[in-house]
Amino acid sequence: MTERRAILSGSVFEERIGYARAVVDGDRIHVSGTTGFDYADMTISEDVVEQAEQCLRNIGAALEEAGSSFADVVRVRYLLSDREDFEPCWPVLRKCFGEVRPAATMVVCGLADARMKIEIEVDARRGSGGGDSSPGR
């Protein structure tokens, strides 16, 4: 039987809505859509690049708890409320994914809270990468 375990970040949204930040299912890791909230104090920057950086810190923490890293990401989905906000985030995204080159999709859509400008979701496979591409903490 494969291992299945939920990883929680402490976000109030996980409890209110009923989901986990990530789910480990055998060697696969599915990280939920993650926004730029700092879960320690539930604050969010107004700047989309700062939100992207916080998204990646949140995702990195979930991957680490799952025994993985950005080097193991095979799929990334970017959800933005404004297409003009995507390009300013590219340098930040490239720091995590530039060497890894996961399959990627960007979608423009409405997000759950008007303060949210970007949401990032990833799928990873433990042991598939070749090093640690995590962002600086």
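The values are calculated or read from the model by the stated rules, or taken from the named source; none is laboratory data. Only a predicted model underlies this, so the values are computations on that prediction, with no experimental measurement involved. Because the Cβ atoms are built from the backbone with ideal geometry, glycine has one as well, and the counts that use them run over all protein chains shown. Protein only, heavy atoms only, side chains kept; ligands, DNA and RNA dropped before computing areas. Shrake-Rupley method; radii C 1.70, N 1.55, O 1.52, S 1.80 Å.
Below is a table of values for the structure above.
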read-out: Near pairs, Cβ below 6 angstrom, 6+ apart or cross-chain, from region 68-94 (on the phi > 0 side of the Ramachandran plot) to any residue that is surrounded by fewer than 16 Cβ atoms within 10 Å (Cβ to Cβ); value: none
read-out: Options C89, C55; residue that is more than 17 Å from A124 (Cα to Cα) and either out of contact with any Asp or Glu (no Cβ under 9 Å at 6 or more places or on another chain) or assigned to a helix (DSSP H, G or I) (or both); value: C89
read-out: Single residue of T2, T43 found to be surrounded by fewer than 19 Cβ atoms within 10 Å (Cβ to Cβ), under 19 Å from S128 (Cβ atoms) and among the polar types (S, T, N, Q); value: T2
read-out: Pairs, first closer than 16 Å to P102 by Cα and touching a residue at least 60 places away in the same chain (Cβ under 8 Å) in region 23-34, second in a strand (DSSP E or B) and open to solvent by 70 Å² or more (accessible area, probe 1.4 Å), C-beta under 7 Å, six or more apart; value: R28/R125
read-out: Test for S32: is it crowded, with 17+ Cβ neighbours inside 10 Å, in contact with a Phe, Trp or Tyr (Cβ under 7 Å, 6 or more places away or on another chain) and part of a loop (DSSP other than H, G, I, E, B); value: no
read-out: Within region 1-19, tally of residues that are among the hydrophobic types (A, V, I, L, M, F, W, C), assigned to a loop (DSSP other than H, G, I, E, B) and touching a Lys or Arg at 6+ places or on another chain (Cβ under 9 Å); value: 1
read-out: Among residues of region 76-110, those that are open to solvent by 40 Å² or more (accessible area, probe 1.4 Å) and among the aromatic types (F, W, Y), counted; value: 1
